[in-house]
Number of protein chains: 2
Amino acid sequence: MNVMNASPRRKELTRLAAQLFVQAGFDRTTVRMLAQEMGIKSGSLFHHFRDKQEILAAVIEEGTENALVIARKALARCDSSASARLHAMARAHLETLLTDRNAHVVALYEWRRLDPEARAHLSHLRDAYEALWEQVIDEALAEGLVHGDRFLVSRFVMGALNWTVRWYDPDGPRTPDELADELVAMITRSASVG
Amino acid sequence: MNVMNASPRRKELTRLAAQLFVQAGFDRTTVRMLAQEMGIKSGSLFHHFRDKQEILAAVIEEGTENALVIARKALARCDSSASARLHAMARAHLETLLTDRNAHVVALYEWRRLDPEARAHLSHLRDAYEALWEQVIDEALAEGLVHGDRFLVSRFVMGALNWTVRWYDPDGPRTPDELADELVAMITRSASVG
DNA sequence: GGGTCAACCAAGCAAGCGCTAGTGCAAATG
DNA sequence: CATTTGCACTAGCGCTTGCTTGGTTGACCC
């Protein structure tokens, strides 16, 4: 068995697994389906992953890590105004959500199927990501760009953004960036009112 | 077999099923688990429901119907200003979401497990509910209470509200009504800016 | 050119799954 | 009274599931 390394083969298999998990759901995706999609036999799967659970964990882990990387890059790239940083985070969030869509849909909908150990490990990753958001929201509150409770605002914003995976059509008229800007506009027009 | 009637017994079973579906997920909830929780044997289950799918459909149907009823009542009760109606919808949404929580969590997370026929039927119910929202948002746009695209605003708002099932703690300091008012405040402070 | 090792395969086990068939029985119905 | 109906039972069929086992292949290494 191949322990927990990150071979290129494993990455490819993880990507394929994410796709199937989205199409059929984790529980209804059988190891035989996974193997067939990967062009191997079901037994061979367990050379790459300890068990089916580990495949799920791998999918979610990679998606969340990508989200973290992209958000940090976006923040490093923009200037330090609260407005710019808020826009950057919203755009980065939708960028990962919609390009790495499969992995994130799995993370959103199959989280409860993780066993306790995997959930604990991945919780830390997710918390690190959410901490970025709360930090940016804090800055926006301090500049008077938005109003309200820091906890509530960040929850509402993330809810609105994550919900997009249920209705957004990449072939439609709107780009993810436009979406992000619209949301930020919706909650920041209040700025000059106080 | 008991066709599709709505006996009180069946309602009670549906409520219990919703609870189990939330705890374990639809696919991992076996008919034996359902039967045990209901105090009968697994075979007897199929006297009340045609198959397992029908139990899922019943759970979601009842939750959505309740949501519709409560939202309509709330709109009928409040005065006709866009602000009042917006608050009423948000409060009604959180009221159903958090009191009928099990059914709505199932609707949100297990929707894809419905077979095509059930999905088609329930889609109409859900569309009727969302139409209420879009109507109220339209009125708010017309009064200049909120700004932006009607489609986007309603999606963002419903996303923010539905996301609450993931983090809201009924034993915490905030009431659902406070939550609803905070969200409405977040998107309407922009009113006097234009 | 023997040894190593990741990658794969064929075959199948034990457990659990949704669901059916056939029956018992008390209350409602004529 | 006889019959129907509603609800529950027991027993188990037929199938799928995640995973294991034991072995083969071919590329690379000293």
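Taken together, the values in this text are just the output of simple stated rules run on the coordinates, not laboratory data. The shown structure was predicted, so the numbers you read here are calculated from the model rather than taken from an experiment. Here the Cβ is made from the backbone with ideal geometry for all residues, glycine too, and neighbour counts use every protein chain on show.
Determine whether A:LEU56 is among the hydrophobic types (A, V, I, L, M, F, W, C), away from DNA strand C (no atom under 16 Å from the Cβ) and within 14 Å of another protein chain (Cβ to nearest Cβ).
Judged against the criteria, A:LEU56 is a match.
Assess whether A:GLU37 counts as being away from chain B (no Cβ under 14 Å) and either within 13 Å of DNA strand C (Cβ to nearest atom) or surrounded by 15 or more Cβ atoms within 10 Å (Cβ to Cβ) (or both).
Yes, satisfied.
Can you find, within segment A:96-133, the residue that is surrounded by the most Cβ atoms within 10 Å (Cβ to Cβ) among those that are closer than 30 Å to A:ARG189 by Cβ, hydrophobic (A, V, I, L, M, F, W, C) and in contact (Cβ under 8 Å) with a residue 24 or more places away in the chain?
A:LEU97
Is it the case that B:VAL146 is without any contact (Cβ under 8 Å) to a residue 40 or more places away in the chain, aliphatic (A, V, I, L, M), within 8 Å of another protein chain (Cβ to nearest Cβ) and surrounded by 15 or more Cβ atoms within 10 Å (Cβ to Cβ)?
Criteria not met by B:VAL146.
Each row is one residue, and each column tells you yes or no for (1) in a helix (DSSP H, G or I); (2) of a type outside the set (S, T, N, Q); (3) farther than 30 Å from A:VAL146 by Cα.
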residue	(1), (2), (3)
A:GLN19	yes, no, yes
A:GLU37	yes, yes, yes
A:HIS47	yes, yes, yes
A:ILE60	yes, yes, yes
A:THR64	yes, no, no
A:ARG85	yes, yes, no
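If I ask for residues that are assigned to a helix (DSSP H, G or I), facing chain A (nearest Cβ under 10 Å), within 17 Å of B:ASP100 (Cα to Cα) and not basic (Lys, Arg), which ones from segment B:162-178 would you list?
Result: B:ASN162, B:TRP163, B:THR164, B:VAL165.
Out of the residues in segment A:180-194 meeting the condition of being more than 7 Å from chain B (Cβ to nearest Cβ) and either touching a Phe, Trp or Tyr at 6+ places or on another chain (Cβ under 8 Å) or more than 18 Å from B:LEU152 (Cβ to Cβ) (or both), tell me which one is surrounded by the most Cβ atoms within 10 Å (Cβ to Cβ).
A:ALA191
Check segment A:134-143 and report whether any residue there is touching a residue at least 40 places away in the same chain (Cβ under 8 Å), facing another protein chain (nearest Cβ under 7 Å), of a type in the set (Val, Ile, Thr) and not in a loop (DSSP other than H, G, I, E, B).
no
In segment B:83-94, is there at least one residue being charged (D, E, K, R) and out of contact with any Asp or Glu (no Cβ under 8 Å at 6 or more places or on another chain)?
Within segment B:83-94 (the criterion being charged (D, E, K, R) and out of contact with any Asp or Glu (no Cβ under 8 Å at 6 or more places or on another chain)), the answer is no, since none of the residues qualifies.
For segment B:9-32, which residues satisfy the criterion of being near DNA strand C (Cβ under 8 Å from one of its atoms), under 17 Å from B:GLU54 (Cβ atoms) and within 14 Å of another protein chain (Cβ to nearest Cβ)?
B:ASP27, B:THR29, B:THR30 - these are the residues of segment B:9-32 that are near DNA strand C (Cβ under 8 Å from one of its atoms), under 17 Å from B:GLU54 (Cβ atoms) and within 14 Å of another protein chain (Cβ to nearest Cβ).
A:SER42 passes all but one of (1) more than 22 Å from A:TYR109 (Cα to Cα); (2) more than 13 Å from DNA strand D (Cβ to nearest atom); (3) in contact with a Lys or Arg (Cβ under 8 Å, 6 or more places away or on another chain); which number fails?
That leaves (2) as the condition not met.
Residue check: is A:ALA90 more than 14 Å from every other protein chain (Cβ to nearest Cβ) and part of a helix (DSSP H, G or I)?
no
With the requirement that a residue be within 18 Å of the chain's Cα centre (by Cα) and either within 17 Å of B:GLY159 (Cβ to Cβ) or of a type in the set (S, T, N, Q) (or both), what does segment A:76-90 give you?
So in segment A:76-90, the residues within 18 Å of the chain's Cα centre (by Cα) come out as A:86-90.
Across segment A:76-90, the qualifying residues are A:MET89, A:ALA90.
For A:ARG32, are the conditions met, namely being loosely packed, with under 14 Cβ neighbours inside 10 Å and within 16 Å of DNA strand D (Cβ to nearest atom)?
Yes, satisfied.
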